[in-house]
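Below: the structure, in structure tokens.
The values are calculated or read from the model by the stated rules, or taken from the named source; none is laboratory data. As the structure is a computational prediction, the values presented were derived from the model and not from experiment. Please note: Cβ atoms are built from the backbone with ideal geometry, for glycine as well, and neighbour counts cover all protein chains shown.
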Amino acid sequence: MSNKPIIFSGMQPSSGSLHIGNYIGALTQWVEMQETFDAYFCVVNLHAITVPQDPAELAARTRLTAAQYIAAGIDPEKSTLFVQSHVPAHTELAWVLNTITGFGEAGRMTQFKDKSQRHGSDKSSVGLFTYPMLMAADILLYQANTVPVGEDQRQHVELTRNLAERFNSRYGHTFTIPTPQIQKETAKIYDLQDPESKMSKSAASEAGLLSILDDPAVTTKKIMRAVTDADGEIRFDRENKPGVSNLLTIFAVLSHRSVESVQNEFAGRGYGDFKKALAEIVAETFTPIRNRTNELLDDPAELDRILFTAAERANATANQTLNTVYDRVGLLRR
Ligand code: TRP
């Protein structure tokens, strides 16, 4: 038991490789936060099945996601990095939370509205509808104080706060009310081909995505082809020079320098030079992460052991909260 404040965050195992936007926007910040917080990081495989998944791929990506987080610096000795389906209390608490959530309230979640409009209501599962209550359960089981997420998850954390307050006032104080910590604007990374849009795995083309596990030759090619502009000046100007500004941000964050100092270094030089230097820094950052990820995947028994150890810790904390909830609601403990 520590008396550090608690953070909880989750990541979907829905892609083969993390991209540099995940790395800069979330991962490097989590790695820092694990020093000062009691941190829980959860691979949310139960959330992943709210949309169709290939079973073999889901299983592989669950391990792959965990391996990349460890390789990038999440230390399993410091943080509890675990797989959601290893802790049954998540689905058990989600059920209880479903019963105190209004139908209309859940229907107002913009992520659900967007996804169900895109796929049509018959192709949208009830699981997709109850996704936010499962997310609330994730957070509340660990009495998290702070939830680091992207702007797109703010509404889900607001719902979590409302459900926690509602439960507490109906049944007596049970849950800590969590606060969202929204990713910094300066950590936002845009698509290399379409620098007005956030870098995202659902982008139209792979060419705009820098993935952690890409071969350095592929990464270099993508950077050399990144969209810039015609004025030829290496200068940060998000509005008029989104492509160059995005590359400057990536350069600055990965080299732990200010955008200004990078800009000064390259003043008067061409885009080609700048891109070459950037490609080198990206390769230097990602090569050790890629190698470590591959090592971890080469020994799945050891990786599973790490994840099971973490799940034991998570289960102990989560079951404590769930027991209190069951007592309060009048459910006989399991
Ligand atoms: N819904 C989040 C996302 O897509 C992932 C997530 C699941 C999460 N449970 C969570 C994030 C709990 C923070 C806390 O990004």
Quick check on GLY127: is it farther than 21 Å from SER200 by Cα, surrounded by fewer than 16 Cβ atoms within 10 Å (Cβ to Cβ), without any contact (Cβ under 8 Å) to a residue 24 or more places away in the chain and away from the ligand (no atom under 11 Å from the Cβ)? no
Could you grab me the full set of residues in region 81-139 that are part of a loop (DSSP other than H, G, I, E, B) and charged (D, E, K, R)? ARG108, ASP122, LYS123
Just the residues that are surrounded by fewer than 21 Cβ atoms within 10 Å (Cβ to Cβ) and either within 24 Å of the chain's Cα centre (by Cα) or within 15 Å of ALA187 (Cα to Cα) (or both), please, taken from region 223-242. PHE236, ARG238, PRO242
Against the condition in contact with a helix residue (DSSP H, G or I) (Cβ under 7 Å, 6 or more places away or on another chain) and either within 13 Å of the ligand (Cβ to nearest atom) or not in a loop (DSSP other than H, G, I, E, B) (or both), how does PRO195 come out, does it pass? no
Condition first: within 15 Å of the ligand (Cβ to nearest atom), aliphatic (A, V, I, L, M) and at pLDDT 95 or above. Now tell me which residues in region 31-57 satisfy that. MET33, ALA39, VAL43, VAL44, LEU46, ALA48, ILE49
For region 185-194, what are the residues that are free of Cβ contacts under 8 Å to residues at least 60 places away in the same chain and surrounded by fewer than 16 Cβ atoms within 10 Å (Cβ to Cβ)? GLU185
Do we find a residue being in contact with a helix residue (DSSP H, G or I) (Cβ under 6 Å, 6 or more places away or on another chain) and within 20 Å of ASN294 (Cβ to Cβ) anywhere in region 28-39? no
Look through THR65, THR28 and report the one residue that is within 14 Å of the ligand (Cβ to nearest atom), within 30 Å of ASP214 (Cα to Cα) and not in a loop (DSSP other than H, G, I, E, B). THR65
Among the residues of region 207-220, how many are without any contact (Cβ under 8 Å) to a residue 24 or more places away in the chain and either more than 27 Å from ASN291 (Cβ to Cβ) or in contact with a Lys or Arg (Cβ under 8 Å, 6 or more places away or on another chain) (or both)? 2
Which one of ARG154, ARG166 is more than 10 Å from the ligand (Cβ to nearest atom), without any contact (Cβ under 8 Å) to a residue 40 or more places away in the chain and more than 12 Å from ILE6 (Cβ to Cβ)? ARG154
